[in-house]
Amino acid sequence: MAVTTGDTDEPIDRTFYLDAFAVVTEQSWVYRSVPHHFHIREINATGHAGLLEELRESLADVRGSTVVPFGGLISWEADSTQYELVWDALRQSDGGEGYVSYDLERLKHVAMHPQEHSLVFEWESASEEPLLRRAFWRFFDPETATPPRRIVVPDRQRRREVLSAFRRLRRDLDYQYTVEADSTE
């Protein structure tokens, strides 16, 4: 596809009606994406030794890009609730078979408080978001309006791993939140 220099609409227009794009070998699929959903880019590295490391190296200089596991970076259980950190959200089990997602774009700060065996979060108020985004949250996922302020994580090593995952996402995907570890930890 030839694209005129500086024309950002042309490639979008050309790919909008393309449902999916895949790279397939005789053994399996290797890459799948949905062009009009920028966040759907999937890699199947099974049986392709070195592919993930090569991708990480290739993306190291591409701002806002990284390779993350399909099932998320890290998961943990606290107070009988399952949590997981994925590339764009902190997810919390809803008590059934689903999850409530808290958008990392709203996260301002995460800190470790070892005396309380917890992680403390500061989130941007939903009222600070544009009206259209607030309406979307309230209609499609109303629980995202009230993300958790504190999550107990009794295991010190697990707290460190969770903070490390938050740092990685901030660094690799240019999130604006800050991550602080308590010096006594």
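The values are calculated or read from the model by the stated rules, or taken from the named source; none is laboratory data. Predicted model, so just to flag it, every value in this text is computed and none were measured. A quick note on method: Cβ atoms are made from the backbone with ideal geometry, for glycine too, and the neighbour counts reach across all protein chains shown. Side chains are part of the model used for accessible areas, which takes the heavy atoms of the whole protein and leaves out ligands, DNA and RNA. Shrake-Rupley method; radii C 1.70, N 1.55, O 1.52, S 1.80 Å.
Here's a check for you: in segment 47-71, which residue that is within 30 Å of Gln92 (Cβ to Cβ) and surrounded by 11 or more Cβ atoms within 10 Å (Cβ to Cβ) is modelled with the lowest pLDDT?
Ser65
Within segment 109-130, how many residues are within 18 Å of the chain's Cα centre (by Cα) and open to solvent by 80 Å² or more (accessible area, probe 1.4 Å)?
Here the count works out to 1.
Condition check ((1) among the β-branched types (Val, Ile, Thr); (2) at pLDDT 85 or above) across all residues:
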{"site": "Met112", "(1), (2)": "no, yes"}
{"site": "Thr144", "(1), (2)": "yes, no"}
{"site": "Val152", "(1), (2)": "yes, yes"}
{"site": "Arg158", "(1), (2)": "no, yes"}
{"site": "Arg167", "(1), (2)": "no, yes"}
{"site": "Thr178", "(1), (2)": "yes, yes"}
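How many of the residues in segment 72-95 are within 15 Å of Val152 (Cβ to Cβ), without any contact (Cβ under 8 Å) to a residue 24 or more places away in the chain and open to solvent by 60 Å² or more (accessible area, probe 1.4 Å)?
Number satisfying all stated conditions: 2.
Search segment 99-114 for residues that are of a type in the set (Phe, Trp, Tyr) and pair each with any residue that is outside any helix (DSSP H, G or I) when their beta-carbon atoms are under 7 Å apart and the residues are at least 6 apart or on different chains.
Short answer, once both residue conditions are applied: Tyr99/Arg91; Tyr99/Gln92; Tyr99/Ser93; Tyr102/Ala89; Tyr102/Leu90; Tyr102/Pro147.
Restricting attention to segment 42-71, which residues are free of Cβ contacts under 8 Å to residues at least 60 places away in the same chain and of a type in the set (Gly, Ala, Ser)?
Passing the criteria: Ala45, Gly47, Ala49, Gly50, Ser58, Ala60, Gly71.
Would you be able to tell me the number of residues in segment 96-108 that are closer than 27 Å to Asp174 by Cβ and open to solvent by 70 Å² or more (accessible area, probe 1.4 Å)?
Just the residues of segment 96-108 that are closer than 27 Å to Asp174 by Cβ, to begin with: 99-108.
If we keep only those that are open to solvent by 70 Å² or more (accessible area, probe 1.4 Å) too, we end up with 99, 105, 108.
Residues that pass the stated criteria total 3.
Hey, could you check segment 78-91 for residues that are of a type in the set (Asp, Glu) and modelled with pLDDT under 90 and say which is nearest to Tyr31 (Cα to Cα)? It would help to see each step written out before you state the result.
Quick first cut of segment 78-91, residues of a type in the set (Asp, Glu) only: 79, 84, 88.
Filter again for modelled with pLDDT under 90, leaving 79, 88.
Numbers: Asp79: 38, Asp88: 20 Å.
Filtering first and then ranking leaves Asp88.
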